[in-house]
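In what follows, a single structure is set out as structure tokens and then discussed.
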Amino acid sequence: MLGHCISVVGKESFWELMNDFIKTDLGLDSTVMGTGHPKLLNGYGFKNIPLGNWGLGSEDYLTPAGNITSSAEDLLTFAKMNINETPDYLNLCHVFYDMKSKHSNMGLGWWIDYKKPHIYYHGGRIGGFSTMLGFDKLNKNAVVILANIPFLKNDHKLMLDVLNNL
């Protein structure tokens, strides 16, 4: 709903507004909405069945829920921006809300670890791909896990293990 409202106010599609924000405001050159990046790998399903690349179309009402393709380099750049809170509005994403979950609280777009509230993370999955990004604001470290297989087992645990051992 928010994505639709942003489109109406911005008088452009959410897709166009988001691509402009990603490139102009964040400076992430290898990050785009959808699957239009020329270096994108194919995704694979169970038993190594090729799934190709699939995502939501530019006019799909679910597009604002994700649908972003990125590189490890851009994700690490984004983590560094969050660690340093530059641009400064990123600090709004780090305010936590008690979600009454077993492992984490929630910020704006980030899970925040209960035991180590200076660790933030978020992951995603879509046909043939798994992603996890985590960063430690206290120790200024970040980890990206990108896999072209669905449902990478224990990606959250793997990310935390690597991050805690840097």
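When region 1-28 is filtered for residues that are surrounded by 18 or more Cβ atoms within 10 Å (Cβ to Cβ) and closer than 20 Å to W54 by Cα, the ones remaining, listed by number, are F14, W15, M18, N19.
When we screen T69, T31 for residues that are buried (at least 16 other Cβ atoms within 10 Å of the Cβ), in contact with a helix residue (DSSP H, G or I) (Cβ under 7 Å, 6 or more places away or on another chain) and farther than 19 Å from M159 by Cα, the only hit is T31.
Screening K47, K39 for residues that are of a type in the set (K, R) and in a loop (DSSP other than H, G, I, E, B) leaves exactly one candidate, K39.
Exactly one residue out of L51, L75, L26, L40 is at pLDDT 85 or above, aliphatic (A, V, I, L, M) and closer than 18 Å to A147 by Cα, and it is L75. When A72 is tested against the conditions (1) out of contact with any Leu (no Cβ under 6 Å at 6 or more places or on another chain); (2) in contact (Cβ under 8 Å) with a residue 12 or more places away in the chain, the lone failure is (1).
Residue by residue through region 123-144, note down the ones that are of a type in the set (V, I, T) and modelled with pLDDT of 95 or more. Selection gives V143, V144.
When region 140-152 is filtered for residues that are in contact with a strand residue (DSSP E or B) (Cβ under 9 Å, 6 or more places away or on another chain) and either without any contact (Cβ under 8 Å) to a residue 12 or more places away in the chain or within 18 Å of H94 (Cα to Cα) (or both), the ones remaining, listed by number, are N141, A142, V143. The condition of being part of a helix (DSSP H, G or I), loosely packed, with under 13 Cβ neighbours inside 10 Å and under 17 Å from the mean Cα position of the chain (by Cα) holds for only one of L92, L76, that being L92.
Does F78 satisfy the condition of being under 19 Å from A142 (Cβ atoms), of a type in the set (F, W, Y) and either in contact (Cβ under 8 Å) with a residue 12 or more places away in the chain or in contact with a helix residue (DSSP H, G or I) (Cβ under 6 Å, 6 or more places away or on another chain) (or both)? It is true that F78 is under 19 Å from A142 (Cβ atoms), of a type in the set (F, W, Y) and either in contact (Cβ under 8 Å) with a residue 12 or more places away in the chain or in contact with a helix residue (DSSP H, G or I) (Cβ under 6 Å, 6 or more places away or on another chain) (or both).
The values are calculated or read from the model by the stated rules, or taken from the named source; none is laboratory data. Treat the numbers as computed from the prediction; the structure is a model and nothing was measured. Neighbour counts are summed over all protein chains in view; Cβ atoms, including those assigned to glycine, are modelled from backbone coordinates with ideal geometry.
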